[in-house]
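To start, the structure itself, in structure tokens.
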Amino acid sequence: MKNTVFSRSEYLEKIKKEKIMVRSVQIAILVLLLAGWEIAAQAGMVDSFIVSSPVRMIKIFIQMAGADLVTHILYTVAETLIGFTLGVVMGFFIATALWFSRFASKVCAPFLVVLNSLPKIALGPVIIVWSGAGAGAIITMAVAISLIVTVMELSHGFYSTDSNLLTMVESFGAGKTESFCKIVLPCNIPVLFQSMKVNIGLSLVGVIAGEFLVSEAGLGYLIVYAGQVFKMDLVMMSVILLGFIAFIMYSAVSRMEKIAVKLINHI
Amino acid sequence: MENIKLSYQTMTGETQAIKDISFTVEAGDFIAIVGPSGCGKSTLLSCVAGLTQPTSGQVIINGKKVDSINRYTGYMMQTDNLLPWRTIYSNVLLGLEIQKKLTEENIAYAEHLLQKYGLWSFRDSYPSALSGGMRQRVSLIRTLAVKPDLLLLDEAFSALDYQTRLNVSRDVYSILRSEKKTMLMVTHDIPEAVSLCDRVLVLSQRPAVIAADIRCDFGPGRDPVAVRNTQLYHTYFDRVWKEMAE
């Protein structure tokens, strides 16, 4: 690429142009995909009973929107947010405890690795027995999936805090609590948000997995139900809705991250 | 008046970093420790700060044995370690905050230092807006705000570019002189050691002992940058250089 010196207005113009280009291509890809899907379904190239089609999904969406779709969405979103919040808060406290005790951290390390690689969904039946068949089990599932990752990521972040900064506050006589509040915590705000971005997705996975197993409402329930009665339009529509929900929640966390990082670094 | 004595020996694990080092620093002295890299200069300094415990031997400041972080010393590192989320003003008050000494008098002293050394107008800025030299000065004021008697500088200027380095070392020199502080610095830069300090201690290769103790006397009112052109400076430089080479 050629390096050219731009004037301020040219430079801004160029950035704006690029942004518009990226967005237009993204929209074009989406439109092409949907159109291709619809055409293929209409022309009988694919079996629209099995893969559905955009128009069929819109139809079922309108039909369901009049019924109880909103309730299902709210259930899933609420469960995800509760699971996410619990996962982050508990993960934060555990990681903090592990920072305060290097001994505990070393003891826990192999257990965390095993728990992290373990497919938590396999615990599903156990969780149902423990917390009963209902929202409790679903939220537990979401926490089980997101908690260990949070602990590992935050703990790693805490331990990787710039040692020069820690030495500096120690030289003023700061104890562990003060070092944590004044240095470790603010330094790790970006790490916290990074793990929240991963977590919000994982919580949704946990909730859907939970809803597959036990539930009377939620998008996971809707997918299982529709699959059983071969309403593939409803399955596909729910999956796409899930995609939207995941995207919106991720964007929200990402937006918060940008604000927080700006507040921390003042650049 | 304070009377700082320091005797010290250490053996770090299997490698004996410092064999046997004893020296005394008088109040108001500026002393530099130079030596080959890896000879334990920085460890020596962190022992004085109480951040590290020597394997054997002891550090005595103002008649008291140093066994933990102490209030007599201020410690400065290569990096300025300013916290990006705090303004210059609240960065400067960090030490006082940690030591729970945010009294009106101490705050006034910190503000006075900011004013005196030309950083008052930046008090509400964040560190990212300041140049490297200014940041290092803020870092010095943060250290001075807790009123230490003895300043420990661990390669404090080596992250700065050459010109800034000269300016900042001159600033630090005059600030510490006018605040009547005692300074113990570790550096690998012989010109810096000779031009700033009254005494230069040369450490030997590991296991380190003091190979030479060279007094650098330029008379009163020295300017650490201007002395670099004097004949005396070259004489001292050569002596330190020869001692290090041996």
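The values are calculated or read from the model by the stated rules, or taken from the named source; none is laboratory data. Nothing here was measured: the structure is a model prediction, and the numbers come from that model. For neighbour counting, all protein chains shown are included, and Cβ atoms are generated from backbone atoms with ideal geometry for every residue, glycine included. Quick note on the areas: whole protein, heavy atoms, side chains included, nothing else; ligands and nucleic acids left out. Shrake-Rupley method; radii C 1.70, N 1.55, O 1.52, S 1.80 Å.
Here are the numbers for the structure shown:
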| item | result |
| --- | --- |
| GNM result for chain A, Cα springs below 10 Å: residue of A:PRO190, A:PRO119, A:PRO54 fluctuating most strongly | A:PRO119 |
| Helix-only mean residue ellipticity at 222 nm for chain B, each DSSP H run of n ≥ 4 adding -39500 (n - 2.57), per residue, nearest 500 | -10500 deg cm²/dmol |
| 0 to 90° range, to nearest 10: angle between helix A:219-228 axis and chain A longest Cα axis | 40 degrees |
| Number of partner chain Cβ atoms within 10 Å, mean per residue of A:170-181 | 5 |
| Solvent-accessible area per residue, Å², over chain B with all protein chains present [probe radius 1.4 Å] | 43 Å² |
| From phi via Karplus (6.51, -1.76, 1.60), per-residue ³J(HN,Hα) for region A:41-54 in Hz, x at Gly/Pro | 5, 4, 7, x, 6, 10, 7, 5, 5, 8, 9, 6, 7, x |
| Rounded to 5, percent antiparallel among DSSP beta bridges of the protein assembly as shown | 50 percent |
| Amide H within-cut-off set for B:TYR75, under 5 Å, with H built and near neighbours excluded | B:LEU152 |
| Within the accessible area of chain B (1.4 Å probe), percent carbon and sulfur | 50 percent |
| Portion, in percent, of the accessible area of region A:1-145 that falls on carbon or sulfur, probe 1.4 Å | 74 percent |
| Two-decimal log10 I(q)/I(0) for region A:1-154, as the Debye equation yields it once each C-alpha is a single scatterer, q = 0.10, 0.20 Å⁻¹ | -0.77, -1.14 |
| Amide H within-cut-off set for B:ILE18, under 5 Å, with H built and near neighbours excluded | B:THR10, B:THR12, B:ALA208 |
| Using distinct alpha-carbon pairs, which all enter the 1/r mean, Kirkwood radius of region B:104-159 in Å | 12.1 Å |
| Protection proxy ranking of B:99-105, A:176-182, A:82-88 - average other beta-carbon atoms within 10 Å, highest first | A:82-88, A:176-182, B:99-105 |
| For region A:246-256, Karplus couplings with θ = phi - 60° (6.51, -1.76, 1.60), whole Hz, Gly/Pro x | 4, 4, 5, 5, 4, 4, 5, 5, 4, 5, 4 |
| For B:77-85, mean number of other protein chain Cβ atoms within 10 Å | 5 |
| Amide H partners (placed H, <5 Å) of B:ALA212, local residues excluded | B:VAL202 |
| Under the Debye formula (equal points on every Cα, no solvent term), log10 I(q)/I(0) of chain A at q = 0.10, 0.14, 0.15 Å⁻¹ | -0.72, -1.07, -1.13 |
| For residues of A:156-169, the mean tally of beta carbons on other chains within 10 Å | 3 |
| Per residue convex hull volume, Cα atoms of region A:66-174, in Å³ | 136 Å³ |
| Nitroxide proxy distance, nm - points 7 Å out along Cα→Cβ at A:THR177 and A:VAL198 | 3.1 nm |
| Stokes-Einstein diffusion coefficient of region A:66-120, Kirkwood radius over Cα pairs, 10 °C, 1.306 mPa s, in µm²/s | 116 µm²/s |
| Flagged links, alpha-carbon separation over 19 Å, of A:LYS197/A:LYS262; B:LYS64/B:LYS147; B:LYS147/B:LYS181; A:LYS106/A:LYS197; B:LYS116/B:LYS181 | A:LYS106/A:LYS197 |
| At 0.692 mPa s and 37 °C, Stokes diffusion of the protein assembly as shown via Kirkwood alpha-carbon radius, µm² per second | 117 µm²/s |
| Angle between chain B longest axis and helix B:104-116 axis [Cα atoms, degrees, rounded to 10] | 80 degrees |
| Karplus (6.51, -1.76, 1.60) ³J(HN,Hα), θ = phi - 60°, over region A:107-121, in Hz, Gly and Pro reported as x | 4, 6, 3, x, 5, 4, 4, 5, 4, 5, 7, 5, x, 4, 4 |
| Chain pair B, A: total accessible area buried, heavy atoms, 1.4 Å probe, Å² | 1900 Å² |
| Peptides ranked, highest mean first, by Cβ atoms within 10 Å: ranges B:63-74, B:211-222 | B:63-74, B:211-222 |
| A:TYR250, B:TYR162, B:TYR117, A:TYR159, ranked by accessible area, largest first (probe 1.4 Å) | B:TYR162, A:TYR250, A:TYR159, B:TYR117 |
